[in-house]
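Q: Below: one structure in structure tokens.
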């Protein structure tokens, strides 16, 4: 989490600094794709059975398990709703994002 | 045969991953390689795929993970790979590929011309055009060395049937000596869980331009490296692998510029013309990309006339070697007339008499009157 606070956009000043091949050099720390989201998942932990299926299915690796409970990383969750669809106890609701 | 010369080149180079899809006339290249993988003559992974597009995709993944990678194809198969050829060079992945020159369909053809590989000239690959099967084997080994040093992929190109299916004696170098010439591939950046990165992702206008600049700057180093490794190879194996091959060019009035096997046919044509007192010479261009501008300019500067012979055509323009040779002398030329000939499309035979016919045409004209002189069209 500390790393994220230091994240900044990387812009090379000279071609000499470039890697030869097009490759990620940490831009995702800066590029928080959670901003693309229109609807967001909200977990009702009272009904959560800690099965970890939402964590497994999240295509953006935006669900982290902390102390055995799922936590959504809204910096990167794009709101695709896969977790809500797959949750066996239906405890994840997709809620309209307030702008 | 030429196809097996490619396979042995890939084997001696200790390819680690081979992914290929069969297509005539290339088929035997991968047949032999798959047998070598099966009986462990070659310690490599042979990946069966469903198309040439997938073959190149598998090679790219393997190359990025640090494996020495080989594939081979022809004509439509090469065209199907087109998208991924850009990925190989843009991603700086030193894949080495054999391409057996075969005319593009339709009409469906399995015979030789250069339009398949020359259509890929702007994809950022090094292109070698070979004139005999020994050169094919040697060039594969050299291509690995050049490609891996500069991280630019290479195509080793040979004529359909004239080389691919023709048996001739080929010296197979000893494995230990090849290992000495070609050390294992150890790229600095690889796809590894120890240092995870995404490769080939979205690249903004802030950075894309410089990646292309660096590719071109490294492409400009290829010529000198081919010269250096070619001399090194000569020292170890007794065969020099150069950028061009000159035959009696020093005192020639008329220089033919050729490529591939017609480059050796041209030597016979030149010798016949010399017997008749015509001072002809032949310059066979082996490396088409990067194009050896300075070398070509230097060789032809003493000639009175130059005849570029193309086994290919850029529709609406003219022969592609002709374009390149003209651009090499433009702005430098002291006005040597350069004639462009097209012959041998779709595998039509090119014989010493073809060169006699060309010489006769050139001797009759002071200057080129047209951009394409067709040799052998049934009129």
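Q: How would you order B:299-310, A:59-70 from highest to lowest mean count of nearby Cβ atoms within 10 Å?
A: Ranked from most to least packed, the peptides come out as B:299-310, A:59-70.
Q: If each DSSP helix of 4+ residues adds -39,500 (n - 2.57) and the sum is divided by the residues in the protein assembly as shown, what number results at 222 nm, nearest 500 deg cm²/dmol?
A: Helices in the protein assembly as shown give a 222 nm mean residue ellipticity of -10500 deg cm²/dmol.
Q: Starting from the Cα gyration tensor of the protein assembly as shown, take the square roots of the eigenvalues, sort them a ≥ b ≥ c, and report rounded, prolate or oblate (rounded when a/c is under 1.5, otherwise prolate if a/b is larger than b/c, else oblate).
A: Prolate, because a/c is 1.5 or more and a/b exceeds b/c.
Q: Further, regarding this structure: Could you give the radius of gyration (one decimal) and Dmax (whole number) of the Cα atoms in region A:23-99, in Å?
A: In order Rg, Dmax, the Cα atoms of region A:23-99 give 12.8, 42 Å.
Q: Using 0.36 nm per residue, how much length does the chain from residue B:45 to residue B:360 gain when fully extended, once their Cα-Cα distance is taken away?
A: 108.1 nm
Q: Compute a Gaussian network model of chain B, connecting alpha carbons closer than 10 Å, and tell me which residue from B:39, B:194, B:171 fluctuates the most.
A: Fluctuation is largest for B:194.
Q: Taking the number of other C-beta atoms within 10 Å as the exposure measure, put B:246, B:188 in order starting with the fewest.
A: B:188, B:246
Q: Using the number of other C-beta atoms within 10 angstrom as an exposure proxy, rank B:51, B:109 with the fewest first.
A: Least to most surrounded, the residues fall as B:51, B:109.
Q: Over the residues of region B:86-164, compute the C-alpha Rg and express it relative to 2.2 N^0.38 Å.
A: Normalised Rg, Cα atoms only: 1.11.
Q: Tell me the relative contact order for chain B as a rounded percent, counting alpha carbon contacts under 8 Å between residues six or more apart.
A: So the answer I get is 15 percent.
Q: If R0 is 30 Å, what FRET efficiency do you get for residue B:246 and residue B:377 from their C-beta distance, rounded to 0.05?
A: Given R0 = 30 Å and the Cβ-Cβ separation, E is 0.50.
Q: Starting with the fewest neighbours, write out A:37, B:212 ranked by other beta-carbon atoms found within 10 Å of each beta-carbon.
A: In increasing order of surrounding Cβ atoms, one gets B:212, A:37.
Q: Give the shape of region B:2-237 as rounded, prolate or oblate, defined through the alpha-carbon gyration tensor: a ≥ b ≥ c are the square roots of its eigenvalues, a/c under 1.5 means rounded, and otherwise the shape is prolate if a/b is larger than b/c and oblate if not.
A: rounded
Q: Further, regarding this structure: Within 10 Å of each Cβ of B:210-217, how many other protein chain Cβ atoms are there on average?
A: 3
Q: On a full-extension model of 0.36 nm per residue, what is the gain between residue A:30 and residue A:96, subtracting their alpha-carbon distance, rounded to one decimal in nm?
A: Here the answer is 21.3 nm.
Q: Pop the C-beta distance of residue B:24 and residue B:202 into the FRET formula with R0 = 45 Å and round what comes out to the nearest 0.05.
A: 0.70
Q: Between residue B:326 and residue A:16, what is the label-to-label distance in nm when each label sits 7 Å out along the Cα-to-Cβ direction?
A: For the pair residue B:326/residue A:16, the computed spacing is 4.1 nm.
Q: Okay, next question. Starting from the Cα of residue B:336, step 7 Å along the direction of its Cβ; do the same at residue B:86; then give the gap between the two resulting points in nm.
A: If labels sit at residue B:336 and residue B:86, their model points lie 3.6 nm apart.
Q: While we're here: Any idea what the relative contact order of chain A is, in percent, if you count C-alpha pairs under 8 Å spaced at least 6 apart?
A: Averaging sequence separation for qualifying contacts and normalising by length gives 31 percent for chain A.
Q: Would you mind getting me the FRET efficiency between residue A:68 and residue B:175? Use the beta-carbon distance for r and R0 = 45 Å, nearest 0.05.
A: Given R0 = 45 Å and the Cβ-Cβ separation, E is 0.20.
Q: Evaluate the distance, in nm, between pseudo-label points positioned 7 Å from the Cα of residue B:279 and of residue B:105 along their respective Cα→Cβ axes.
A: 5.0
Q: Can you give the average number of partner chain beta-carbon atoms within 10 Å of each beta-carbon in peptide B:197-204, as a whole number?
A: Counting Cβ atoms of other protein chains within 10 Å of each residue's Cβ and averaging gives 5.
Q: Evaluate peptide A:10-21: per residue, the Cβ atoms of other protein chains within 10 Å of its Cβ; return the mean as an integer.
A: Mean partner-chain Cβ count within 10 Å for A:10-21: 5.
Q: Report relative contact order for region B:1-155 in percent, whole number only (criteria: Cα-Cα under 8 Å, sequence separation at least 6).
A: 26
Q: Another one. Using per-residue counts of other Cβ atoms within 10 Å, averaged over each peptide, order B:286-296, A:43-53 from highest down.
A: Result, highest mean Cβ count within 10 Å first: B:286-296, A:43-53.
FYI, it's all coordinate maths here, none of it is from the lab. What you see is a predicted model, and the numbers here were worked out from it, not measured in a lab. Reconstructed Cβ throughout: ideal geometry from the backbone, glycine too, with neighbour counts over all protein chains shown.
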